[in-house]
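Student: Pasting in a structure now, in structure tokens, and then I'll have a few things to ask.
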Amino acid sequence: MFKPLKKLCKNVKNLTSDKILIQIYAYKKVQNFIVDLNRIDQLFETGTDAKDNFLGYYSESTELVFGGRERNKTTSDHITLKDTGAFYKSFFVRIYKDGFTIVANSIKDETDLTEVYGKDIIGLSEKSIYELYKEIKPSIVKFINTAILKGVL
């Protein structure tokens with residue numbers, strides 16, 4: 001008679017935040033969302049790093065020589081680090097048992113972009129972390145409900 005209730009309690013006991021988040025971060029859709037927060041929302045749209053530091057503006061000579069806005073398909077004059085797109089394409093998420101990191105190849109030609117613009121060009125700002133939370137919250141709720149009710153119903 002109490003078997004379903006005991007199973008439910010066991011399921012709750014076995015559920016940890018690490019288990020939940022590892023499963024959620026493993027979804028390709030979530031990983032794409034994470035790197036887009038970094039690449040698009042931060043770097044491309046606002047020209048900021050994970051600490052909300054503004055990267056600066058393209059110089060007039062850079063815009064003349066390299067095509068600036070037209071080449072990067074933007075109406076902005078701030079630094080986006082998009083140029084050829086190779087840096088943006090190199091972004092991916094590495095998942096750990098207690099979280100994740102964003103990894104990217106920051107070497108452009110013979111220059112390390114992290115040495116020029118700082119290591120925080122790769123990573124999420126507080127605003128982006130909040131946007132991530134809002135995005136994954138429904139998946140977390142669904143995952144918890146499914147895990148808790150597994151074998152009970």
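Student: What are the residues in the stretch 22-59 that are surrounded by 19 or more Cβ atoms within 10 Å (Cβ to Cβ) and on the phi > 0 side of the Ramachandran plot, if any?
Tutor: Gly47
Student: Moving to a separate point now. Taking the stretch 56-83 as the search range and keeping residues that are of a type outside the set (D, E, K, R) and modelled with pLDDT of 90 or more, which one is nearest to Ser106 (Cα to Cα)?
Tutor: For the stretch 56-83, the residue satisfying everything is Leu81.
Student: Just checking, how many residues over the stretch 78-113 are farther than 18 Å from Asn32 by Cβ and surrounded by 15 or more Cβ atoms within 10 Å (Cβ to Cβ)?
Tutor: The qualifying residues number 7.
Student: Looking at the stretch 1-14, which of the residues that are exposed (fewer than 14 other Cβ atoms within 10 Å of the Cβ) and among the hydrophobic types (A, V, I, L, M, F, W, C) is nearest to Ile140 (Cα to Cα)?
Tutor: Val12
Student: Moving on. With the requirement that a residue be more than 24 Å from Leu81 (Cβ to Cβ) and among the aromatic types (Phe, Trp, Tyr), what does the stretch 95-142 give you?
Tutor: Tyr96, Tyr133, listed by residue number.
Student: What pairs come up if the first residue lies in the stretch 27-54 and is more than 17 Å from Lys134 (Cα to Cα), the second is among the aliphatic types (A, V, I, L, M) and in a helix (DSSP H, G or I), and their beta carbons are under 6 Å apart, counting only those six or more places apart or on different chains?
Tutor: Final answer for the pair search is Asp49/Ile121.
Student: For the stretch 71-153, which fully contained helices (runs of 4 or more DSSP H) count at least 3 residues that are over 20 Å from Tyr58 (Cβ atoms) and more than 16 Å from the chain's Cα centre (by Cα)?
Tutor: Passing ranges, in order: 126-149.
Student: Related question: Going by the structure shown, is Phe143 out of contact with any Leu (no Cβ under 8 Å at 6 or more places or on another chain), surrounded by 14 or more Cβ atoms within 10 Å (Cβ to Cβ), under 30 Å from Lys6 (Cβ atoms) and in contact (Cβ under 8 Å) with a residue 40 or more places away in the chain?
Tutor: Taking the combined requirement at face value, the residue satisfies it.
The values are calculated or read from the model by the stated rules, or taken from the named source; none is laboratory data. Just so it is clear, the model here is predicted, and its values are computed rather than measured. A quick note on method: Cβ atoms are made from the backbone with ideal geometry, for glycine too, and the neighbour counts reach across all protein chains shown.
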